[in-house]
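The values are calculated or read from the model by the stated rules, or taken from the named source; none is laboratory data. Here the structure is a predicted model, which is why all the values come from computation and not from measurement. Here the Cβ positions follow ideal geometry from the backbone for every residue, glycine too, while neighbour counts run over all protein chains shown.
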Amino acid sequence: MHHFTYKGGVLHAEDVSLAELAARVGTPFYAYAQATLSRHYRVFDDAFAGDDHLVCFAMKANSNQAVLKLLAGLGAGMDIVSGGELKRAQAAGVAGGKIVFSGVGKTEEEMRAALAHGIRCFNVESLPELRRLSQVARAMGRTAPVALRINPDVDAKTHEKIATGRKADKFGISWTRALEAYALAAGLPGIAVTGLATHIGSQITDLQPFEQAYSLMAELATRLREAGHDIRHVDLGGGLGVPYRGDTDIPPHPDDYAAMVRRLLGHLDVAYIFEPGRMIAANAGVLVGRVLYVKEAEGKTFLITDVGMNDLLRPTLYEAFHHIQPLAEPEPDAPMMSADVVGPVCETGDYIARERRLPQMKEGDLFAVMTAGAYGAVMAGTYNTRALVPEVLVNGADHAVVRRRFDEERIVGLDSLAPWQMA
């Protein structure tokens, strides 16, 4: 569900006209519907009502402070993967006990900062990381709460670049070495084993891969307890997909996911930790752009827009599909066109869609790239010295610019000349 609908012939975010926003802030820009963010968090959280659980928003999906503050106010914790994300979580007022730290490349500095903030758990992804964390914690006179992220060698049947639970992926410790890894953890100073973790990938639209992985985790948790390890929680990661294409990729409902989790793990009497990101944020955001030119080529039409791959990398990086809607509502019998929707960046891979069937569009028309609230603005950059686009949060009839445009002058100002060039 999302809160982007046509009202009076114009696409709105809740009760705010996206065309009016375009006139005020310029294009391109991201717009987020607060109602969608809130609803999606509550739907997932409510699915586990009655269970000891913590929903940690995967802030790599969308780390805008306004979004984090909103979710934290609803009770969300945060799943972080860097020291920078820890600082964002702290700035949003998230208590340490509601933060889990994932990621394969934690530095000593990041470990120290997380220990000082008293985070709930480190999801440790390798034995070298485990030993390093022990050294850091011991030097600080602290104890690091740890869950080992176990790689169950399960194919999540998602895109190659967002699958994380196969044995060839860089994430986690092989389930075949789990008992050995936990034995090492139990003997290291400064380490307290508190849980078990896994995460098999993102944009998963079938419960079967989850069921396969969680069955292994249930069996492993039992064996670890029998070996004397204090497994108090199981971190099941995130991964529930969203319907980018509509009727062809409908993901499981959180209630069905929750029923599966209880069926497989309910007998363990553990707390559950979850790390949803895309499921909460994706449908809560759109990217609004403008058609600059309509170019007719050899048997092909290009809609050249002001939305570049630096603004939305997903189509180039993942061959991702996003619906495109004109901001002006088309008539039911409006003429259609087939076009490549591309950006101004000097790369052939700079596109939003290829051979897309769309209502006829012309120069100056505004459009929205749908389902862009996750892995959109967070992955944006300034390639070709293009401005970092604004983000706008909408709440009913109100809106606020929650990240202003980072323009070209500020980008150039990040550089400095060498001393010998100053004459």
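Structural remarks
- Note on the stretch 232-253: among residues that are surrounded by 21 or more Cβ atoms within 10 Å (Cβ to Cβ) and modelled with pLDDT of 95 or more, the one that is farthest from Gly277 (Cα to Cα) is His233.
- If you go through the stretch 22-52 and keep only what is buried (at least 19 other Cβ atoms within 10 Å of the Cβ) and within 18 Å of Lys98 (Cβ to Cβ), you end up with Leu37, Tyr41, Phe44, Asp45, Phe48.
- A residue that is aromatic (Phe, Trp, Tyr) and either assigned by TED's automatic domain parsing to the domain that holds Leu220 or farther than 30 Å from Ala397 by Cα (or both) can be found somewhere in the stretch 40-51.
- Of everything listed in (1) in a helix (DSSP H, G or I); (2) free of Cβ contacts under 8 Å to residues at least 12 places away in the same chain; (3) more than 21 Å from Asn62 (Cβ to Cβ), the single unmet condition for Gly84 is (3).
- Contact annotation: residue pairs with Cβ atoms under 8 Å, 6 or more positions apart or on different chains, pairing a residue in the stretch 253-275 that is assigned to a helix (DSSP H, G or I) with a partner that is surrounded by 15 or more Cβ atoms within 10 Å (Cβ to Cβ) and of a type in the set (Val, Ile, Thr), are Pro254/Val43; Leu265/Val234; Leu268/Ile231; Leu268/Val234.
For every residue, the table says whether it meets (1) touching a Phe, Trp or Tyr at 6+ places or on another chain (Cβ under 6 Å); (2) closer than 30 Å to Pro276 by Cβ.
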| position | (1), (2) |
| --- | --- |
| His322 | no, yes |
| Tyr351 | no, yes |
| Val369 | no, yes |
| Arg386 | no, no |
| Pro390 | yes, yes |
| Val394 | no, yes |
| Ile411 | no, no |
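- Of all the residues in the stretch 1-48, those that are in contact (Cβ under 8 Å) with a residue 12 or more places away in the chain, among the hydroxyl-bearing types (Ser, Thr, Tyr) and not in a loop (DSSP other than H, G, I, E, B) number 6.
- Identity of the residue in the stretch 323-361, β-branched (Val, Ile, Thr) and buried (at least 19 other Cβ atoms within 10 Å of the Cβ), that ends up farthest from Arg386 (Cα to Cα): Ile324
- Qualifying residues in the stretch 107-138 (those that are within 22 Å of Ile273 (Cα to Cα) and among the polar types (S, T, N, Q)) - the one surrounded by the most Cβ atoms within 10 Å (Cβ to Cβ): Asn123
- The set of residues in the stretch 49-76 being outside any helix (DSSP H, G or I), touching a residue at least 24 places away in the same chain (Cβ under 8 Å) and over 22 Å from Asn123 (Cα atoms) consists of Asn64, Leu74.
- Residues being in contact (Cβ under 8 Å) with a residue 60 or more places away in the chain, outside any strand (DSSP E or B) and not acidic (Asp, Glu) - total across the stretch 306-335: 14
- Only residues that are under 19 Å from Thr27 (Cα atoms) and either part of a loop (DSSP other than H, G, I, E, B) or touching a residue at least 40 places away in the same chain (Cβ under 8 Å) (or both) were counted across the stretch 347-359, and they come to 3.
- Just one of the listed residues (Ile280, Ile273) is of a type outside the set (Lys, Arg) and within 30 Å of Ala368 (Cβ to Cβ), and it is Ile280.
- Filtering the stretch 167-195 to residues that are over 20 Å from the mean Cα position of the chain (by Cα), modelled with pLDDT under 85 and basic (Lys, Arg) leaves only Lys167.
- From the list Val402, Val412, the one residue that fits, being β-branched (Val, Ile, Thr), touching a residue at least 24 places away in the same chain (Cβ under 8 Å) and in a strand (DSSP E or B), is Val402.
- For the stretch 272-305, the set of residues classified as out of contact with any Gly (no Cβ under 8 Å at 6 or more places or on another chain) and either aliphatic (A, V, I, L, M) or under 22 Å from Ile80 (Cα atoms) (or both) consists of Tyr272, Ile280, Val288, Leu292, Val294, Ala297, Leu303, listed by residue number.
- Check on Val288, in contact with a Leu (Cβ under 7 Å, 6 or more places away or on another chain), crowded, with 24+ Cβ neighbours inside 10 Å and either free of Cβ contacts under 8 Å to residues at least 12 places away in the same chain or not in a loop (DSSP other than H, G, I, E, B) (or both): yes
- Taking the numbered list (1) within 24 Å of the chain's Cα centre (by Cα); (2) in contact (Cβ under 8 Å) with a residue 60 or more places away in the chain; (3) surrounded by fewer than 17 Cβ atoms within 10 Å (Cβ to Cβ) in turn, Asn395 passes all entries but (3).
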